[in-house]
1. Hey, does segment 1-20 have a residue that's at pLDDT below 95 and of a type in the set (A, V, I, L, M)?
2. Take the conditions at pLDDT 95 or above and at negative phi and apply them to R65. Does it pass?
3. Which count do you get for residues in segment 10-39 that are closer than 20 Å to R61 by Cβ and under 11 Å from the mean Cα position of the chain (by Cα)?
4. What is the number of the single condition among (1) in contact with a Lys or Arg (Cβ under 6 Å, 6 or more places away or on another chain); (2) modelled with pLDDT of 95 or more that C46 does not meet?
Amino acid sequence: MRYFDYEEAARDAGIGAEQLQRICGLVREEFPGDEMMFELHVLRVCHAVKDGRLTLEDALRPESRAPVR
């Protein structure tokens, strides 16, 4: 079951497939057993990148665990 269309949000933000896969891997570490929270947080990262509140470089940094606003 899919909760959010984060793939479309990633395309809108200019995030490539490989970059999205890396973001998903980082977010999955935070939410290994909660699919809805995983998808929600990936979606939030995509929106933050699109809105300029987060750089793609920072989103892909594993040590960057600051919450997205």
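The values are calculated or read from the model by the stated rules, or taken from the named source; none is laboratory data. Note that the structure is a prediction, hence the values are computed from the model and not measured. Don't worry about glycine lacking a Cβ; one is built from the backbone with ideal geometry, like all the others, and counts go over all protein chains shown.
1. Going through segment 1-20, the residues at pLDDT below 95 turn out to be 1-2.
Next, only the ones that are of a type in the set (A, V, I, L, M) stay: 1.
Scanning segment 1-20, I find at least one residue that is at pLDDT below 95 and of a type in the set (A, V, I, L, M), so the answer is yes.
2. Values: at pLDDT 95 or above: no; at negative phi: yes.
No, not satisfied.
3. Qualifying residue count for the region: 14.
4. Of the numbered conditions (1) in contact with a Lys or Arg (Cβ under 6 Å, 6 or more places away or on another chain); (2) modelled with pLDDT of 95 or more, the odd one out for C46 is (1).
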